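One structure is given below, encoded as structure tokens.
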Amino acid sequence: MTGRPLTILLAIILAVLIVALVSHHRVIPVYPGEYPVIAPPMHCDIEYHDDRVELALREDPLLGRVIVYAHAEGGVYLGILKPVYDRRVVVRRGDYADFRAVIKGSSVEAAEFLKKMDRYEPKIDMFDSIVAAHDADRAFGVQKCLYPLCTRCVEACKSVIQGDNIPITLEVKPDGHIMPVFRRGKCPRCGRCFVNCPTGSILPPDKGRK
Amino acid sequence: MNLIGAIALGIFLLTLVASIRGWIPQRVLPIQSALLAASALIALVGILSGAPLNWGDLISYTSIHPVTATIAGFVFAGALRAAGGFEAAASLVSRVMRLKYGSPFAVMLLVNLPTIFAMPCGRIWVAPLLPVTILLGEEIARKNKDRAVPAMLVFGLVINAAASCGPSLIGGIGALGEGMGRYPAGSFSNPQSIAIVIISALVMLFVKYFYREKAPLPVRVSADAENRPVPEHGFFSLIIFIIVLGATVAFEPPVPLQTILVGLTIVVMLVEGVSINDLVGGIMLHPLTAMLSGFIAAGVLGAFGGFTVLVGLLDFAASSTPLGYAGVAVLLAYLPIIFPMPCGRILAVSLIPAVLMFGERLAEATAVPSVQPALLIAFILCAAASCGPSPLGGIGSLGRGGLGSRISTTAFPRCWPY
Amino acid sequence: MKRKLVIINSVGAIIILAYLALLGVNAFKSGYPWSVLCYNCKRCNPVCVLGIDPQGFIAAAYSSDPNVYIYTTNVRLKLHDAMDIDPGMEIIANGEKTTPAAALGKIGLDPDMEVISYRVRARDAAVFCLDCGACEKACPLSLPISTIARDLKKDGVFRGK
């Protein structure tokens, strides 16, 4: 009588294996169309004051918020997510960085949030960091793409393409901001990257042409 | 200070103390009814005084996960009992005991199993393990002629299981604290597990040495467990249960624990022909309703600002009394043990922000940044374990029920090690 | 226990169990039946840069109430904007917790001052949500949390309404 439970157990294991195999077999939907377009980086004019830095954007961000970043010593990238009012962003003394990342070459090695529930660990003044970056001739400015906070384009691409060789990577550009970089390679032109991008950093081909 | 919040807090604490101290006898008004009545009273006072009650805010204080996980655990325990899994476990333990050093190994494994495979609610382990632990305790008691052994083992298991939702990565209180404090997932798990093992051992020692004369007697004399007939698929049910739960903890599959337990139950039902009545027989409504009534009371209290008042009082005590921030922080950490609820989440959800705030102030005052996570871990552990000594339908009630023990003889030894 | 007490306490227990059933019904009603599966493990919480507690969206779903207040501890906005959105939301202004109504009225702060949110209604938190999907990625059950935020962002109501 031990055969019955064993048979059932085997049947269950088989069923689990089949479900696992089926769920891992991803169908790649190839949409007709062209390759996605990477939006140009966001530029701004900067005014320095004793207690604040005002950044005047040259375009309206899609989300109404942008990352203001400043590079610090030791390849550390500091960022704060600020609201935009009338295309202006103001960073005041006492505005602490929301996150920091470690940059190695052109890629982000690690990132961590500094804002905990209602505290900062540690408190890094973003105004001071921008001034220090300006004085030391390090990069600072505004960034449209929300990386390393958001990785939707990469995740969406990974859901379609197996393996690590995906066409989208996020890189630190020479002027210090991070933006997606697209290499045609294996791109199936499924459109998931620009559909999922909340900031408009990756655009559909027709909008990219405009 | 918000007057309605203060009144709400007063009613809540009074009800709690009255139920814990037995001023409201459980035979007259069990904790569920008492908390429900207190909630209704708070709501009535609030509404009559013109304070708005947002029903949604009240409901949002409820955690569904521990309730459904416990139901699923009880259902499976019912199936396991009907399938002979308990007899199989007793037989297995009995065989292990015959080995050299088998007894301490069996005790260590049984008592610490809930923390090794930490579930979001300790009741999931206690329900199937309790009968085996009692049997094992009685065997050792007979061999060693020590009547305290069953109580030692049972309450060791109870406190281990109660606290195990602290280190549990699948939706335990510890995960809640880590998430709210924005610490990496699982970062508090290991220190808690080690602490729980030590605390369980201390509880067992306390039961043995300090409460020996009060410890309940093993009233039943069990037959030799090894010679008891084990139903045909008892071992199969038991082994599949342990393997699947172990795998769930180890691999954290993206399938809800409840689904896994229900799936297991169906397998056992198919194999052994267990009926629905057996499953229903495994469900204990008291802990479930106690947990839910606690959430309702916490919801009403939160909706009328009772917790804000409590935090305000603690803040006042810290700044204006000799207790200071250190004293109040310690008091805050022990609050779940002082007011042991049937589920630690009832207080944890509302008080973790206050713990973080006090931790931060204490860290600033002492210039030791690790004070904050230390305070948070202490609070989480106390909250998680508090359903052990809770006389209000906590896990301890299961242990007491199993031993036929009285509340007062067992609640204190389980509090002391904290 | 006396007969009357038995009846009273049984009714109490039935009310409590009905409350549990209500949560399930709410979850279906709001269009997110999966919300009852949430572990409430808060793994989604530390990954949101805006400090939104994504589990709050789930709690709002099984409460069937988009006006539930949820932790949103890192949205910077101007005080007058906070006032326009919800005068009762909790904000942090000058390091103190308050509400926009109190900050503009009793305290008399500058409406153009930048404040940080602390607890806001789920429907407002959804408007702030960046839709980065980090919460879904962190969820051990991969629950589609951001669909609630997306639906609330559209018109402030749940899918099922």
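Which residues' amide hydrogens lie under 5 Å from the amide hydrogen of B:Ile24, considering only partners 5 or more residues apart or on another chain, with H built in the peptide plane?
Those qualifying (amide H under 5 Å, at least 5 residues apart or on another chain) are B:Ser19.
How do A:Lys186, B:Lys100 rank when sorted from fewest to most other Cβ atoms within 10 Å of their own Cβ? Intermediate results must be reported in sequence, preceding the final value.
Numbers: A:Lys186 14, B:Lys100 6.
Ranking A:Lys186, B:Lys100 by Cβ neighbours within 10 Å, fewest first, gives B:Lys100, A:Lys186.
P(r) for chain B, please, calculated from all Cα pair distances in 10 Å bins and given in %.
Bins of 10 Å from zero give 5, 22, 31, 25, 12, 4, 1, 0 percent of pairs.
Answer with one residue from C:Asn26, C:Gly56, C:Ile92: the one whose Cα lies farthest towards the positive end of the charge dipole of region C:3-155, charges on Cβ with Lys, Arg +1 and Asp, Glu -1.
Sorting the options by dipole projection puts first C:Asn26.
Can you tell me the 0 to 90 degree angle between the C-alpha axis of helix A:126-135 and the longest principal axis of chain A, rounded to 10?
70
With Cβ to Cβ distances under 11 Å as the rule, what net charge do the other residues near C:Gln55 carry (K, R +1; D, E -1)? List each step's numbers first, then the result.
On the way: positive: C:Lys42, C:Arg43; negative: C:Asp53.
Result for the neighbourhood of C:Gln55: +1.
What would the Debye equation give as log₁₀ I(q)/I(0) for region A:94-190 at q = 0.11, 0.12, 0.16 Å⁻¹, counting only Cα atoms as equal point scatterers?
-0.42, -0.49, -0.79
Compute the long axis of helix B:123-144 from its Cα atoms, compare it with the longest principal axis of the Cα atoms of chain B, and write down the angle in degrees, 0 to 90, nearest 10.
Between the helix axis and the principal axis of chain B, the angle is about 60 degrees.
What angle, in degrees between 0 and 90 and rounded to the nearest 10, separates the Cα long axis of helix C:145-155 from the longest principal axis of the Cα atoms of chain C?
Helix C:145-155 sits roughly 70 degrees off the main axis of chain C.
Using the 10 angstrom Cβ neighbour count as an exposure proxy, how do B:Met119, B:Met97 rank, fewest first?
Details: B:Met119 27, B:Met97 20.
Starting with the residue having the fewest Cβ neighbours, the order is B:Met97, B:Met119.
Which residues in region B:105-123 place their backbone N less than 19 Å from a point set 7 Å from the Cα of B:Asn190 along the Cα-to-Cβ direction?
Flagged as within label range: B:115-118.
In whole Hz and in residue order, list the ³J(HN,Hα) couplings for region A:85-91 that follow from phi through the Karplus curve 6.51 cos²θ - 1.76 cosθ + 1.60, θ = phi - 60°; x for Gly and Pro.
Each residue of region A:85-91 in turn: 10, 6, 6, 10, 10, 10, 10 Hz.
Which one of A:Cys157, A:Tyr147, A:Val19 is farthest out on the positive end of the charge dipole of chain A, using unit charges on Cβ (Lys, Arg +1; Asp, Glu -1) and the Cα centre as origin?
After comparing all options, I get A:Val19.
Of A:Lys82/A:Lys123; C:Lys42/C:Lys137; A:Lys144/C:Lys154; C:Lys29/C:Lys137; A:Lys82/A:Lys144; A:Lys104/A:Lys173, which sit over 19 Å apart, Cα to Cα?
A:Lys144/C:Lys154; C:Lys29/C:Lys137
Return a whole-number percent for the relative contact order of chain B, with Cα pairs under 8 Å and 6 or more residues apart as the contact set. Working shown, then result.
On the way: 691 pairs, mean separation 109.3, N = 418.
26 percent.
Compute the Cα gyration tensor for region C:3-155, then decide on rounded, prolate or oblate, letting a ≥ b ≥ c be the square roots of its eigenvalues: rounded whenever a/c is under 1.5, prolate when a/b is larger than b/c in the other cases, and oblate in all that remain. Kindly include the intermediate steps, with their values, before the conclusion.
Details: a/c = 2.60, a/b = 1.52, b/c = 1.71.
Taking the square roots of the gyration eigenvalues as a ≥ b ≥ c, region C:3-155 is oblate.
How many Cβ atoms of partner chains, on average, are near each residue of C:54-61 if near means within 10 Å of its Cβ?
Working: counts 1, 5, 1, 0, 2, 9, 4, 1.
Across C:54-61, the average partner-chain Cβ count within 10 Å equals 3.
What's the FRET efficiency of C:Ile8 with B:Leu41 using the Cβ-Cβ distance as r and R₀ = 25 Å, to the nearest 0.05? Walk me through the numbers before you get to the answer.
On the way: r = 15 Å, r/R0 = 0.59.
Working from the Cβ atoms, E equals 0.95.
Identify the trypsin sites (Lys or Arg not before Pro) of region C:87-158 meeting these criteria: DSSP loop state and at most 14 other C-beta atoms within 10 Å of the C-beta. Can you show the working numbers first?
Numbers: sites: C:Lys97, C:Lys106, C:Arg119, C:Arg121, C:Arg123, C:Lys137, C:Arg150, C:Lys153, C:Lys154; in loops: C:Lys106.
Qualifying residues, ordered by number: C:Lys106.
Given all pairs of different Cα atoms, what value in angstroms does the Kirkwood hydrodynamic radius of the protein assembly as shown take? Display every interim value, and only then the final one.
Working: mean 1/r = 0.0352 Å⁻¹.
So the Kirkwood estimate lands at 28.4 Å.
Place a +1 charge on the Cβ of each Lys and Arg in region C:20-113 and a -1 charge on the Cβ of each Asp and Glu, then give the dipole magnitude about the Cα centre in debye, rounded to the nearest 20. Mind dumping the intermediate values first?
On the way: 7 positive and 9 negative charges, 77 e Å.
Computed charge dipole of region C:20-113: roughly 360 debye.
Just to confirm my understanding: which cysteines in chain C have no other cysteine beta carbon less than 4.7 Å from their beta carbon?
C:Cys38, C:Cys41, C:Cys48, C:Cys129, C:Cys139 - these cysteines have no disulfide-compatible partner (Cβ-Cβ under 4.7 Å) in chain C.
With a 4.7 Å Cβ cut-off, tell me which Cys residues in chain A come up empty for a partner.
If one checks each Cβ against the other cysteines of chain A, A:Cys44, A:Cys145, A:Cys157, A:Cys187, A:Cys190, A:Cys197 turn up with nothing under 4.7 Å.
Classify region A:44-143 as rounded, prolate or oblate from the Cα gyration tensor: take a ≥ b ≥ c as the square roots of its eigenvalues, call it rounded if a/c is under 1.5, otherwise prolate when a/b beats b/c and oblate if not. Please report the intermediate quantities before stating the final value.
Working: a/c = 1.37, a/b = 1.29, b/c = 1.06.
In terms of gyration-tensor shape, rounded.
What does a probe at B:Gln26 reach in region B:338-368, counting residues whose amide N is under 18 Å from the point 7 Å along Cα→Cβ?
B:338-344
Would you mind getting me the FRET efficiency between A:Ala111 and B:Lys145? Use the beta-carbon distance for r and R0 = 56 Å, nearest 0.05. Kindly include the intermediate steps, with their values, before the conclusion.
Details: r = 62 Å, r/R0 = 1.11.
For R0 = 56 Å, the calculated efficiency reads 0.35.
In Å and on Cα atoms, what radius of gyration and Dmax does region A:151-204 show?
For region A:151-204, the Cα-based Rg and Dmax read 10.9, 32 Å.
What are the principal axis extents of the Cα atoms in region B:64-286, in Å, biggest first?
Largest first, region B:64-286 extends 50, 44, 35 Å along its Cα principal axes.
With charges only on Cβ, +1 for K and R and -1 for D and E, what is the dipole size of chain B about its Cα centre, in debye, rounded to 20? Intermediate results must be reported in sequence, preceding the final value.
Numbers: 22 positive and 16 negative charges, 225 e Å.
With only Lys, Arg, Asp and Glu charged at Cβ, the dipole is about 1080 debye.
Dipole size in debye (nearest 20) for region B:64-286 around its Cα centre, Lys and Arg Cβ +1, Asp and Glu Cβ -1? Working shown, then result.
Details: 15 positive and 12 negative charges, 140 e Å.
Magnitude of the dipole: close to 680 debye.
Go through region B:63-102 and name the chymotrypsin sites (Phe, Trp or Tyr not before Pro) that are in a DSSP coil and have 11 or fewer other Cβ atoms within 10 Å of their Cβ.
Working: sites: B:Phe74, B:Phe76, B:Phe86, B:Tyr101; in loops: B:Tyr101.
Taking region B:63-102 and a limit of 11 other Cβ atoms within 10 Å, the loop chymotrypsin sites (Phe, Trp or Tyr not before Pro) found are B:Tyr101.
Over all residues in B:248-254, what is the mean tally of Cβ atoms on other chains that come within 10 Å of each residue's Cβ? Show your work: numbers first, answer last.
Values: counts 0, 0, 0, 0, 2, 2, 5.
Whole-number average of other-chain Cβ neighbours for B:248-254 is 1.
Using only the alpha carbons of chain A, determine the length spanned along each of the three principal axes and report them from longest to shortest in whole angstroms.
84, 44, 31
Using 1/(1 + (r/R0)^6) with R0 = 22 angstrom and r between the beta carbons of A:Asp45 and A:Asp128, what's the FRET efficiency to the nearest 0.05?
The formula returns an efficiency of 0.55 here.
Given H placed 1.01 Å from N in the peptide plane, which residues other than close sequence neighbours of A:Ile124 have an amide H under 5 Å from its amide H?
Those qualifying (amide H under 5 Å, at least 5 residues apart or on another chain) are A:Ala97.
What average number of partner chain Cβ atoms lie no more than 10 Å from the Cβ of the residues making up B:49-60? Walk me through the numbers before you get to the answer.
Numbers: counts 0, 0, 0, 1, 0, 6, 5, 13, 9, 3, 11, 13.
Across the residues of B:49-60, the mean count of other-chain Cβ atoms within 10 Å is 5.
Considering the options B:Met108, B:Gly324, B:Ile346, tell which one lies farthest towards the positive end of the dipole of chain B, charges being +1 on Lys and Arg and -1 on Asp and Glu at the Cβ, about the Cα centre.
Positive-end residue among those listed: B:Met108.
Sort B:Cys165, A:Cys153 so the one with the fewest other Cβ atoms within 10 Å of its own Cβ comes first.
Details: B:Cys165 36, A:Cys153 27.
Ordered by Cβ neighbours within 10 Å, fewest first: A:Cys153, B:Cys165.
Values in this text are rule-based calculations from the coordinates and carry no lab data. Note that the structure is a prediction, hence the values are computed from the model and not measured. So basically every Cβ, Gly included, is an ideal-geometry build from the backbone, and we count neighbours across all protein chains shown.
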